[in-house]
Amino acid sequence: MSNAYSAQNAQWRERLMEVVGRLADADLDRPAGGPGWTVGGLLAHMAFYDYRALTLLDKWKKNAIGPSGLDIDVVNDSLKPLFNVLRPRELRRMVVQAAEDLDAEIDALDPGFLSRIESEGKPVRLNRAAHREHHLGQIEKAVGAESGRR
């Protein structure tokens, strides 16, 4: 099953896989995206928010859909030191797996349930493409188009 999010999510998931496949271990330590962030930290950040959305979808299937408050700046700043030290191989696997798992879950959503999430499940965004596009742009700027090619 597909929905309004499927094509864009798939496009940027494939782009994510492309970029991750080009990164060398040393690239993950490069500064990217702002003070205190690294390429690896941005990948972990993307995985975290995909896993968060996946967890909320699971919760909402079992219980009522509802808002899930989140102070994004506090969460990001709190997790940044952890994100920046994850092992390269595991990090690359994790960010791709999170994107694949979430996109599959979003693609399988019943249209009625999807509509309810859109109206009641704030601030979860089922369009993951914009988040991926933003951070992949930061990563590619940090490593350069040719850097890290294997």
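Of note:
- Residues considered: Val20, Val39. Of these, the only one that is farther than 13 Å from Ala142 by Cβ and surrounded by 16 or more Cβ atoms within 10 Å (Cβ to Cβ) is Val20.
- Scanning segment 57-72 for residues that are under 22 Å from Pro111 (Cβ atoms) and part of a loop (DSSP other than H, G, I, E, B) gives Asn63, Ala64, Ile65, Gly66, Pro67, Ser68.
- Some residue of segment 96-115 being in contact with a helix residue (DSSP H, G or I) (Cβ under 7 Å, 6 or more places away or on another chain), surrounded by 15 or more Cβ atoms within 10 Å (Cβ to Cβ) and assigned to a loop (DSSP other than H, G, I, E, B): no
- Number of residues in segment 29-43 that are on the phi < 0 side of the Ramachandran plot and either more than 18 Å from the chain's Cα centre (by Cα) or among the aromatic types (Phe, Trp, Tyr) (or both): the value is 5.
- Of everything listed in (1) more than 26 Å from Pro31 (Cα to Cα); (2) without any contact (Cβ under 8 Å) to a residue 24 or more places away in the chain, the single unmet condition for Gly144 is (1).
- Contact annotation: residue pairs with Cβ atoms under 6 Å, 6 or more positions apart or on different chains, pairing a residue in segment 112-126 that is touching a residue at least 24 places away in the same chain (Cβ under 8 Å) and among the hydrophobic types (A, V, I, L, M, F, W, C) with a partner that is in a helix (DSSP H, G or I) and surrounded by 15 or more Cβ atoms within 10 Å (Cβ to Cβ), are Val124/Ala53; Val124/Leu56; Leu126/Ile106.
- For segment 42-69, a residue qualifies if it is out of contact with any Asp or Glu (no Cβ under 9 Å at 6 or more places or on another chain), of a type in the set (A, V, I, L, M) and either more than 17 Å from Leu126 (Cβ to Cβ) or surrounded by fewer than 14 Cβ atoms within 10 Å (Cβ to Cβ) (or both), and the qualifying residues are Leu42, Leu43, Ala44.
Here is a yes/no grid of residues against (1) without any contact (Cβ under 8 Å) to a residue 24 or more places away in the chain; (2) of a type in the set (A, V, I, L, M, F, W, C); (3) part of a helix (DSSP H, G or I):
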| site | (1), (2), (3) |
| --- | --- |
| Ser2 | no, no, no |
| Gly40 | no, no, yes |
| Asp50 | no, no, yes |
| Arg93 | yes, no, yes |
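- Total residues in segment 126-150 satisfying the condition of being buried (at least 17 other Cβ atoms within 10 Å of the Cβ), among the basic types (Lys, Arg) and either at pLDDT below 95 or touching a Pro at 6+ places or on another chain (Cβ under 8 Å) (or both): the figure is 1.
The values are calculated or read from the model by the stated rules, or taken from the named source; none is laboratory data. Predicted model, so just to flag it, every value in this text is computed and none were measured. Reconstructed Cβ throughout: ideal geometry from the backbone, glycine too, with neighbour counts over all protein chains shown.
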